[in-house]
Every structure is written in structure tokens, then in C-alpha cells.
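The values are calculated or read from the model by the stated rules, or taken from the named source; none is laboratory data. Values in this document were obtained by computation on a predicted structure and should not be read as measured data. Neighbour counts are summed over all protein chains in view; Cβ atoms, including those assigned to glycine, are modelled from backbone coordinates with ideal geometry. For the accessible areas, the whole protein counts, side chains as well, though only heavy atoms, and no ligand, DNA or RNA atoms are used. Shrake-Rupley method; radii C 1.70, N 1.55, O 1.52, S 1.80 Å.
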Amino acid sequence: MPLITRWRVVLVSEVQHQMPLDHFQRLLRCLELEAEAEAAEIVKRSQRASGDAAERSGVCLVGLTIREEESGLGGRAVVTLGKRDRRAALPWAKLNSGTPVVLSEEQFTESGAWRGVVTDRNRETITVVLAQSPEPTADRPTFRLDLASDEISRERQRAALQQVASADSGRLAALKRKLLGEESPEFSPGSGLIAEERGTDWPLDESQRAAVAHALAAKEVAIIHGPPGTGKTTAVVELIRQAVRRGERVLACAPSNLAVDNLLERLLAAGERAIRIGHPARVLPELREHTLDLQVAAHPDLKLAREWTKQAWALRRQASKFTRTAPERGARREQRDEAKRLLADARKMEERLVAHLLDSATVVCATLTGLDDELLGDLQFDLAVIDEAAQTTEPACWIPLLRAKRLVLAGDHCQLPPTILSSEAQRLDFDLSLMQRLVTQWGEMISRQLTTQYRMHEQIMRFSSAEFYDSSLIAAEAVREHLLADLPHVVPGLLTQTAMQFIDTAGSDCVEQAESEGSSRNNPGEADVVVRKVHELLAAGVAPSEIAVITPYAAQARLLRTLIGNAVIEIDTVDGFQGREKEAVVISLVRSNTTGEVGFLADTRRTNVALTRARRKLIVIGDSSTLANHEFYRRLLDHFEREGAYGTVWDCPET
């Protein structure tokens, strides 16, 4: 049994012992706790000083001015902001494409705020789509942009939980019994894959075929467990295509917009008629033409609906206009009634267009909380697929289940869990995903694991495979021994002809320190070692776009961005790099203290993510005297020694 699964057995059994009497009440309570914690964090941020101190938190940008403003999708305002000094770069922040934000005027906080969504960002500017155009009070206003909560998403989760909790008959009640463990999941014998005339161009390996066939055979629920680099998305896309070939309608979901876009892109490339639900600003630009909003807007019938709307407003204005001559009796009422009829007809036409577009698609793609009842109406699906299911809390998963006969969860519960702000919700096990709960209860009865990985050199893969996947992973032939030196533009040498390196900083001046503001940590000495290794990689010919620097701590990521100063090299926290990969990855573990505390590195799923992002070269930098106090990191250090990849900071030349 994988390590992370063993950790959860007792806790999950305790939670299941309470089910179903208070399972949904517990989840509803956790949602409220999260809402309170998020609100408290927003208040805390709003009380921080303006300027650089506020921006260092990574959740806001200050001192912004409006560079451009234009009309956007559906009458929205598209506003591009930047620093008053047009040459000044924006500091790092968590405000990326798809992030909900609040724009406010710095000089007049009482003048109101405008909610919106980030749609684009570059070095100097950030573009936000707002529901309405900002109307500042000051003559030369400056603005503040803050990360915002998403109350609509939370309300949809509440409503889904309440509906499921009250279901006592029918399909939803039957599915609920399976997911609460009251009844065993069932599978139909002989439900195989539908072969295509592809010759040898079959996209799945043996474990992927077995996982897809198992998911197709599920009467209620199945799980595809995809460890790092094993082609989980390939398997999920093929599952959806197989379901469509059986005449089924599929709802494809994921927790994040980026994960949904990844599915949509792959489905479109495979020739499926897929449509994307969601705010177009949260969708990758190259995929926006496939959103429901833009397809409705581009439909020729919508021109007539818009003309009716225009006529309706003209009639309303005419009915309200003062005239010297009294109108005929009842004329104003007739105008208002005609306006109502025109608006109603326009709305009906839009609804018909939406229904037609959704009916013509074989696959509907959306985030879990982006499923809008007003758009979908009573539309039902044969199959709901949730990708990256281990990264979301359970309430969000119940939203698509209100509309589906069967469910397939895909992801990896041995990587990052859902992010939880409330310590009380954490205590109530809110970070236990639906996927992990089901895997722990039913094991191989419900889940099939993918075993061939297509990303990492075998040496890089080996530790993660042993620790989390019972040594079940097998490196594909194409990647088993690939190294940086095999790339045509890279100079052969010790650095590029080996797959792994651990640099021990014990006994040096690489000591962690708490951030002056906030709760994060950094390690300036260790950051200097990271910079040296990055310079060595660049000097060997590795392209900046092929390098990533990963660290568990946001403060260390901010420091490294400043020190490295190369915008092409991706530098991020482990959470921010989930699902990504690079040819070379440098990891800074940060923790170095006399008490042996590893902090939240104790959740080793985070480290599993970091260790499995590199394709050809993995460099880990850390303090063995601190790390060795934890069993997992002691085994990690032993692994590097056995592989002949252990060294010390004294072996790293100064640059």
C-alpha cells in the first residue's frame, strides 16, 4: 500500500464511521469555515500598508494606472493596467489569467470596487475584464488590484451538497449510496474498447488500455490513477472518445481552467465536437472560439435577437419620454408591453441558440464550479469525467454528479491535495478528496493505475516510484536514459551527462529565515547556490525555457526571481508547478535550522510533485542535518548516495 494511502486509513475509517448521517453536514460546515478564513485573509490584506510591503504578499498589485480601456465580451469592460512609470515591470503576484480580482481606487477607498477576472499578463501590464467600466473619483487615479474570493463557486457547492443530501430515491440517491460506501461499486463484464482502423497507431499502452476499459465497464464510478508522467490525460481523452463512440454524452470537468483547457485542446485535436462553458476571459486565447459565449455571439440568429433588444429599449425610452401633446390613452402601456414581448422573444432566441449549441456537442467541458444551471437547464449526461480529481475538495465533485449517470475520477492522490485555508476545516479532514477516500476504501476494485511513465530518466523516477507507487512505475524506452547532453545544443560534461545531483548545505551559511512580513520563509545562502547551478546550466547550453526552479516557499521563489532576473526561466512554488515539466529542474528545499523542523515539507506529497517535474536533470539543494530528522527525507538522502549523486555545497564553484 503506498505511503500516503497508509497514512489515511485510520482517518478515513473514522470519517466513514460517521457516514452518511453527518457527512454532508460536515462538508457544509467546512465550506463555511473556508469562507470565513478566506474573508479574514482578504480583510488582512486590505489592512496592509500600500506600496512594496503590500505587493510582497503576492496577492495584490498597487500603484496601477489604466493604460487602455475598450469594450469587451458581452458588454464587459476590458482594462489594461500598469505602473505609472511605463518602463517599470510588474512584481510577481498570484494574479494570473483566470484569477478573480477586485479593482479599487487607492485614493478613495469608499468610492467602491469593481469585480473582474484577469485575462492576460505580461512583464509591464495586466489586463482585467470587468462587469462594468470603472468610474474613479480622483483626477489622476491610481488603482489597487487584489485577489478575490469566488462566492458563486461556493454557493454552487452548497446547493449541490444540499440537493444530494436530500435525495432519497432515483439515480442520484443510488449514486450517493455508492460514493458513501454503503454499497459496493459494480462493473459490467465484457465492456471493452471500441477499436479503430488505426493500424499500429494505437495511442494507449497496456496499462492505459486496461484503465480505460475498466472505466468504461463501471456502472456507477471508477478511478484512473495516473502517477507523474504516465499519460493520464491521454487515457482520459481516449476514455471520452470511447464513450462518445458508444453514443454517450460526456461532461468533462476539472478543478482549474487550465486543466479544462488542456482537455478541450486534446479533444479538439482528436476531432471531437467539444464546447467550453465558462467566462471567455478565463479560457486560453487560442481556445476562446470554442466557448459557448463566443459561439452564441457569432451565430447569425443572434443579430435578430439583438435587433429586438434594441427596439425594446427604444420603445421603453419613448414610453417614458415627456411630450407636450398627451398620447392616446393606453399608448404608453402598449409600448411598454411591446418592449416586454420583444425582450422576452430575444431571451427565448438566445436560450434556443444555447440549447442548440449544447445539444450539437458530444462533449461539454467546464470547471467543476463553472457549471451554470441557467445555461444547462435540465441537460443530463451519460458520463461525467473529472480530471485532476485529487486536487479538489469533495463538495465541488458533487456539482457535475447532479447531471450524470456515471462518474470517472482521474488524478493522483499521491501528489498535491486540495489547498485549505482554515485550520479547523483541515482538522475536519476537508483536504481528503473524494478520489482519495474512494481509493482508500475500495482499492483495486475501483481504481486502475497507469504504470509506464514517459517523462523522467529512470534514475529520477526511481525514488518516487518506490515511495509512493510500490515500485510499479516503468520508464518508457524513449526516456529511460535520456540526458541533457543528448540535446543537440547542449555541451557534454559532468553536469549534463548525469541525471541527478543533491547538494548538501549542512555546515554552511545557508540558513533559513522568516519573511519580515507574512508567514513564508527564505534562505538567501541556498538561493545563491541555486543561482550558481542555473548559471552552470545556461553555460552548458541549456536554454532558459528548458529550466525551472521550484521551491516549497513563496518567499524563496520571490527572492530567486530577483536574483536570477531571467523572465524566461520559470521560478515558482511547488503548488504553482503542478502538472508541468522541464528538461532541467533545480529544487530549493529552504529548511535549515538547529531544531530539525521541516515545517509543511512533512506533507511529502508536495515533495513528490517537485521531484517528478524534471525530464533529464534533477538538482536538489537542501540541508541534510535538518532534513534527516524526517524519515522520508532520510530515505531521499540515502537514495542520492546510493545513486552516486550526493555532493556538498563546498563542491560548487563560486561564479
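Electrostatic bookkeeping for residue 387 treats Lys and Arg as +1 and Asp and Glu as -1; over the other residues with beta carbon under 12 Å from its beta carbon, the sum is -1. For a straight C-alpha distance cut-off of 19 angstrom, the aspartates and glutamates reachable from residue 340 (same-chain residues fewer than eight places away being disregarded) are 307, 350, 351. Sorting 76, 241 by accessible area puts them as 76, 241; the probe is 1.4 Å, largest comes first, and only protein heavy atoms count.
Restricting attention to segment 114-173, which trypsin sites (Lys or Arg not before Pro) occupy a DSSP loop and are surrounded by at most 16 other Cβ atoms within 10 Å?
123
Taking the alpha-carbon centroid of each part, what is the distance from segment 351-389 to segment 478-547 in angstrom? Each part reduced to its Cα centre gives a spacing of 44 Å.
Spin-label pair residue 575-residue 299: with each label point 7 Å from Cα along the Cα-Cβ axis, the two points sit 4.0 nm from one another.
Remark: segment 126-185 projects, on average over all directions, an area of 7.7 nm² (convex hull of Cα atoms). The loop-placed GluC sites (Glu not before Pro) in segment 112-171, going by DSSP, that have at most 16 neighbouring Cβ atoms within 10 Å of their Cβ come out as 124. Going by the alpha-carbon gyration tensor, a ≥ b ≥ c the square roots of its eigenvalues, is segment 366-421 rounded (a/c under 1.5) or, if a/c is not under 1.5, prolate (a/b greater than b/c) versus oblate? The shape class here is oblate. When the inverse distances between all different Cα atoms of segment 562-629 are averaged and flipped, the Kirkwood radius reads 13.1 angstrom. Per residue, segment 519-655 exposes 36 Å² of solvent-accessible protein surface, assessed with a 1.4 angstrom probe and all protein chains in place.
As an exercise, identify the GluC sites (Glu not before Pro) in segment 453-540 lying in DSSP coil whose Cβ has no more than 14 other Cβ atoms within 10 Å.
Taking segment 453-540 and a limit of 14 other Cβ atoms within 10 Å, the loop GluC sites (Glu not before Pro) found are 477, 481, 517.
Output the relative contact order of segment 540-655, whole-number percent, from Cα pairs under 8 angstrom with separation of 6+ residues.
Computed value for segment 540-655: 25 percent relative contact order.
In terms of distances greater than 18 angstrom between alpha carbons, the cross-link table entries 232/617; 94/533; 94/617; 94/232; 348/405; 582/617 yield 232/617; 94/533; 94/617; 94/232; 348/405.
Give me the tail of P(r) for segment 501-655 as a percent: Cα-Cα pairs with distance above 22 Å.
When all Cα pairs of segment 501-655 are counted, 33 percent exceed 22 Å.
If you rank 340, 617 by how much accessible surface each has, with a 1.4 Å probe, what is the order from largest down?
Largest to smallest exposure gives the sequence 340, 617.
Taking 0.36 nm per residue of separation and subtracting the current Cα-Cα distance, fully stretching the chain between residue 25 and residue 177 would add 53.1 nm. By the gyration tensor of its Cα atoms, with a ≥ b ≥ c the square roots of the eigenvalues, what is the shape of segment 616-655: rounded for a/c under 1.5, prolate for a/b over b/c, or oblate? It is oblate, given that a/c is not under 1.5 and a/b is not larger than b/c.
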